[in-house]
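Working notes for the structure below.
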Amino acid sequence: MSGFRRYAFAFGPLAAAALWGGMYVVSKWSFTFVPPATMGFLRVALGGLALWLGVRLTGRRTGIDRADWPAFVGLGGWVALTIATQFLGTELTNASQGSLLTVLTPVFAVALGASVLGERVTRPKAGGIVIAAVGTVIVIAGQYDLTTIAAGNAAGVGLLVVASFAWAGYTVWGVSVVRKYSALIAATYSTIAATPMLAVLAAVELAVLGRGIASIPVTAESIFATAYLGLAATAAAWYLWYKGLEFVSAGTVAVFFFLQPVVGISLGALLLGERIDPGFVVGSLVVVGGVWLVSRERADDTDHQQHGNDHQKRNDTNQ
């Protein structure tokens, strides 16, 4: 594969960040008619179905070794933990808290990548992450009153911190699975594995609320929210996120997460006519600069590992 294509595929996470840009608003809005854990289950169930259909339509052989199934289940656990804490945390926090806490995911991913995978944290990568984090704070400060951060629910903030760590875990522990099989296979079966876990949480939530599944309204709004969260923010975005892991390190992929609030605020201005503060432009440029600096980095063993994966896939195909 040419260097150009390899570099272009690394921007799959950029597309994922764009799809996640409006997720906070849509999910927060959807909780007015669907409880958080139940919406999380519906989102992942629909996303898993869409990904499974993608596997079937592309005619890909799964060929998953029995010894690797626990890894897929483990990734499903990271997914379930992410969705449950993210949605419950979103319900309990305000927009400024939710947006600001997104900066923790890349930080956690770089730390885990270094400790678990032995990825090098070079000075350019560390500097790029710091620059992008500062830019994110500038962006959010221009859009929200940061004095409201302390006014939110502490439990909600804690849940969002756990969600950030869990997504970093899904990213880092997914590297070996993605590179052995593919982004599509890894995203598909980890999502399917998470579905029954979230089904249990949804059942408990509905029982506590004294509601049945039939109480969930089937309206244009609920269908739109579920479709957006399930098809765009889950099926497409998770595949694109993992696609980046086929070619670059977990820390490099994670830095694209900094673009999520930039995209979200831009969509708010474009679709809802929301005001954009001049600081947003400055902060966005700073974020882009930091992301660009990190995206130029390559893990030393990526080429070697990718070559090994391609060789393994050719052998699997010939068997």
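Filtering segment 19-48 to residues that are modelled with pLDDT of 80 or more and aliphatic (A, V, I, L, M) leaves 19, 34, 37, 39, 42, 44, 45, 46. Taken over segment 20-29, the residue count meeting the criterion of being under 18 Å from residue 237 (Cα atoms) and open to solvent by 30 Å² or more (accessible area, probe 1.4 Å) is 2. The conditions of being in a helix (DSSP H, G or I) and free of Cβ contacts under 8 Å to residues at least 12 places away in the same chain are met by residue 270. Looking at segment 174-187, is at least one residue within 15 Å of residue 43 (Cα to Cα) and either without any contact (Cβ under 8 Å) to a residue 60 or more places away in the chain or not β-branched (Val, Ile, Thr) (or both)? Checked segment 174-187: at least one residue is within 15 Å of residue 43 (Cα to Cα) and either without any contact (Cβ under 8 Å) to a residue 60 or more places away in the chain or not β-branched (Val, Ile, Thr) (or both). Does any residue of segment 64-72 turn out to be at pLDDT 90 or above, of a type in the set (A, V, I, L, M, F, W, C) and in contact with a helix residue (DSSP H, G or I) (Cβ under 7 Å, 6 or more places away or on another chain)? Yes, because at least one residue in segment 64-72 is at pLDDT 90 or above, of a type in the set (A, V, I, L, M, F, W, C) and in contact with a helix residue (DSSP H, G or I) (Cβ under 7 Å, 6 or more places away or on another chain).
Taking the condition at pLDDT 55 or above and surrounded by fewer than 21 Cβ atoms within 10 Å (Cβ to Cβ), does residue 273 pass? So residue 273 passes the test. In segment 30-113, counting only helices (runs of 4 or more DSSP H) that sit wholly within it, the ones holding 2 or more residues that are hydrophobic (A, V, I, L, M, F, W, C), open to solvent by less than 30 Å² (accessible area, probe 1.4 Å) and more than 30 Å from residue 217 (Cα to Cα) span 69-92. When segment 207-232 is filtered for residues that are modelled with pLDDT of 90 or more, hydrophobic (A, V, I, L, M, F, W, C) and buried (at least 17 other Cβ atoms within 10 Å of the Cβ), the ones remaining, listed by number, are 229, 231, 232. Going by the conditions given, is residue 205 touching a residue at least 24 places away in the same chain (Cβ under 8 Å), acidic (Asp, Glu) and in contact with a helix residue (DSSP H, G or I) (Cβ under 7 Å, 6 or more places away or on another chain)? Yes.
The values are calculated or read from the model by the stated rules, or taken from the named source; none is laboratory data. Note that this is a predicted model, so its numbers are computed, not measured. Because the Cβ atoms are built from the backbone with ideal geometry, glycine has one as well, and the counts that use them run over all protein chains shown. Just so you know, the surface numbers come from the protein's heavy atoms only, side chains and all, with ligands and any DNA or RNA stripped out. Shrake-Rupley method; radii C 1.70, N 1.55, O 1.52, S 1.80 Å.
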